[in-house]
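Written out below as structure tokens is the structure these notes cover.
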Amino acid sequence: MILKSLAMTKLTQSNDQWIESVEVCPLKLLPNEKGRLMEIQRADDKIFPGFGQVYITSTLPGIVKAWYRHTTQIDQIAVIVGLLKLVLYDDRETSPTRGKINTIFLGELAPKLVQIPPGIWHGFQTIGEREAFALHLNSVAFQADAPDEDRLPYDTNIIPYQW
């Protein structure tokens with residue numbers, strides 16, 4: 001089930017409108033006497049974009065990692081430890097949600113998988129005093145000699161957002 005509910009995910013600076021083609025899926029945390037299990041992605045999931053690469057990043061408290069966008073790659077992000085503020089900005093020329101910003105809080109206590117379509121600027125910041133670990137699932141593998149990635153500094157004036 002794809003989550004599009006303000007009760008579970010906070011949207012800010014977006015007129016409470018989701019950016020077109022962004023998907024937010026709640027993840028089930030299944031505890032038992034031995035620990036916990038959380039499924040992140042399955043090949044039969046509705047939003048499975050195909051497999052290219054999976055990696056983990058860590059972000060120290062207060063650090064901002066922004067801005068990134070891809071031409072063809074679909075990104076998926078889930079936080080496995082800590083809390084991140086994920087910010088998305090739609091700058092796609094033909095998008096009906098062009099100019100919209102979504103802010104989504106991702107953390108281990110309310111786990112979600114966010115799918116970010118090509119063309120969406122995105123970045124994140126750790127919230128709190130604890131290092132955050134994010135799992136990134138990409139539809140294509142990174143190619144160092146021809147990266148599918150545009151970057152802007154976190155404090156650019158091109159994107160109307162202040163970290």
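The values are calculated or read from the model by the stated rules, or taken from the named source; none is laboratory data. The model shown is predicted, which means the values in this text are computed figures rather than measured ones. Glycine gets a Cβ as well: all are built from the backbone with ideal geometry, and neighbour counts include every protein chain shown.
Of everything in segment 118-163 that is free of Cβ contacts under 8 Å to residues at least 60 places away in the same chain and among the charged types (D, E, K, R), the residue that is farthest from F105 (Cα to Cα) is D145.
Considering I80, I2, I47, I104, which residue is out of contact with any Phe, Trp or Tyr (no Cβ under 6 Å at 6 or more places or on another chain) and at pLDDT 95 or above? Please lay out each step first, then the result.
On the way: I80 fails: out of contact with any Phe, Trp or Tyr (no Cβ under 6 Å at 6 or more places or on another chain); I2 fails: at pLDDT 95 or above; I47 fails: at pLDDT 95 or above.
One residue alone meets the criteria, I104.
Is at least one residue of segment 32-43 of a type in the set (A, V, I, L, M), at pLDDT 95 or above and touching a strand residue (DSSP E or B) at 6+ places or on another chain (Cβ under 9 Å)?
Pass one, segment 32-43, residues of a type in the set (A, V, I, L, M): 37-38, 40, 43.
If we keep only those that are at pLDDT 95 or above too, we end up with none.
No, there is no match, as no residue in segment 32-43 is of a type in the set (A, V, I, L, M), at pLDDT 95 or above and touching a strand residue (DSSP E or B) at 6+ places or on another chain (Cβ under 9 Å).
Quick one: V114 ticks every box in (1) of a type outside the set (S, T, Y); (2) more than 12 Å from the chain's Cα centre (by Cα); (3) assigned to a strand (DSSP E or B) bar one, so which box is it? Condition not satisfied by V114: (2). Filtered by the rule that a residue be of a type in the set (V, I, T) and either more than 18 Å from V114 (Cα to Cα) or not in a loop (DSSP other than H, G, I, E, B) (or both), segment 135-163 gives T156, I158, I159. Cβ contacts < 9 Å: first residue of a type in the set (A, V, I, L, M), restricted to segment 49-62; second residue loosely packed, with under 13 Cβ neighbours inside 10 Å and part of a loop (DSSP other than H, G, I, E, B), any location; separation 6+ or different chain. Result? Sorted first by the residue in segment 49-62, then by its partner, the list stays empty. Here is the figure for segment 96-151: residues that are more than 28 Å from E39 (Cβ to Cβ) and basic (K, R) total 3.
Before we move on, is G107 within 22 Å of E93 (Cβ to Cβ), surrounded by 13 or more Cβ atoms within 10 Å (Cβ to Cβ) and of a type outside the set (V, I, T)? Lay out the reasoning, then the answer.
Details: within 22 Å of E93 (Cβ to Cβ): no; surrounded by 13 or more Cβ atoms within 10 Å (Cβ to Cβ): yes; of a type outside the set (V, I, T): yes.
Against the criterion (within 22 Å of E93 (Cβ to Cβ), surrounded by 13 or more Cβ atoms within 10 Å (Cβ to Cβ) and of a type outside the set (V, I, T)), G107 does not qualify.
For segment 55-78, indicate whether the set of residues that are small (G, A, S), in a strand (DSSP E or B) and over 13 Å from the mean Cα position of the chain (by Cα) is non-empty.
Here is the first cut: in segment 55-78, the residues small (G, A, S) are 58, 62, 66, 78.
Narrowing further to those that are in a strand (DSSP E or B): 58, 66, 78.
Retained after the next criterion (residues that are over 13 Å from the mean Cα position of the chain (by Cα)): 58.
There is at least one residue in segment 55-78 that is small (G, A, S), in a strand (DSSP E or B) and over 13 Å from the mean Cα position of the chain (by Cα).
A search for C-beta distances below 9 Å between a residue of segment 89-107 that is at positive phi and any residue that is in a strand (DSSP E or B), counting only pairs 6+ apart in sequence or on different chains, returns G99/Y89; G99/D90.
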